[in-house]
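> Please read through the structure below; I'll follow up with questions.
The values are calculated or read from the model by the stated rules, or taken from the named source; none is laboratory data. For clarity, every value in this text was computed on a predicted model and none was experimentally measured. All Cβ positions, even for glycine, are placed from backbone atoms using ideal geometry, and neighbour counts span all protein chains on display. When the accessible area is computed, the model is the full protein with side chains, heavy atoms only, and any ligands, DNA or RNA have been set aside. Shrake-Rupley method; radii C 1.70, N 1.55, O 1.52, S 1.80 Å.
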Amino acid sequence: MIKQRLVSNFENILRAKVHFFMKKSIWKYLILTLILGFLKPINGLSSIVTALIFFAGINLILWPLQYISAKSFAKKINFDATVEFNETEIKINHNNKDLTELKDWNWIKNIELNKESIWLTLNQARPFAIAIPKSKLNASEIELFERMKKNNQ
């Protein structure tokens, strides 16, 4: 069994937004700006330079929007809970309200393991991710997430 305190504050929400952006969206914007750079080059500049300027311009708009979005979402969401993961279920004991929820592993849409963290993407209409640092887990706890990832696929 794994027991973790999970809090959705600005820092965690921003980290999840950056994770989703870098994983999915950045490639779409890069391809879009490359195409746009070749179709509409700025006068006197090469297509690649134009694409890089477009990409930088889009990022100058998107990153502040990510920041503002994370700030507003952190004010709306009030998630502070101790979550217990085991082979069969996930138990959520909310610290800020008198509520305990039991979820099955279908609550987790995707489990992604990287060098530093385990990312759990929740199966909700609005995608939301939780990162658990591997440094807070022992080998058997990491192994549980690896098994559940294989079962989840």
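> Taking each full run of DSSP H in the chain as one helix, which ones are at least 18 Å long along their axis (Cα atoms) and have mean Kyte-Doolittle hydropathy of at least 0.0?
26-39, 47-76
> A follow-up question, please. On the protein heavy atoms, probe 1.4 angstrom, tell me the percent of accessible surface of the chain carried by carbon and sulfur.
Within the chain, the accessible surface is 58 percent carbon and sulfur.
> Just name one of Ser69, Ala51, Ile31: the one whose Cα is farthest towards the positive end of the charge dipole of the stretch 10-76 (beta-carbon charges, Lys/Arg +1, Asp/Glu -1).
Ser69
> Compute, for the chain, the length of the dipole vector about the Cα centre, with Cβ point charges of +1 (Lys, Arg) and -1 (Asp, Glu) only. Units Debye, rounded to 20.
About 480 debye.
> When all alpha-carbon pairs of the chain are counted, what percent fall beyond 18 Å?
Percentage above 18 Å: 65.
> With every protein chain present, what is the per residue accessible area of the stretch 36-151 (1.4 Å probe, Å²)?
Accessible area per residue: 63 Å².
> Once you charge only the Cβ atoms, +1 for Lys and Arg and -1 for Asp and Glu, what is the size of the charge dipole of the stretch 10-76 about its Cα centre, to the nearest 20 debye?
Roughly 340 debye, rounded to the nearest 20.
> I've got another one for you. How many times 2.2 N^0.38 Å is the alpha carbon radius of gyration of the stretch 82-153?
Ratio of Cα Rg to 2.2 N^0.38 Å: 1.10.
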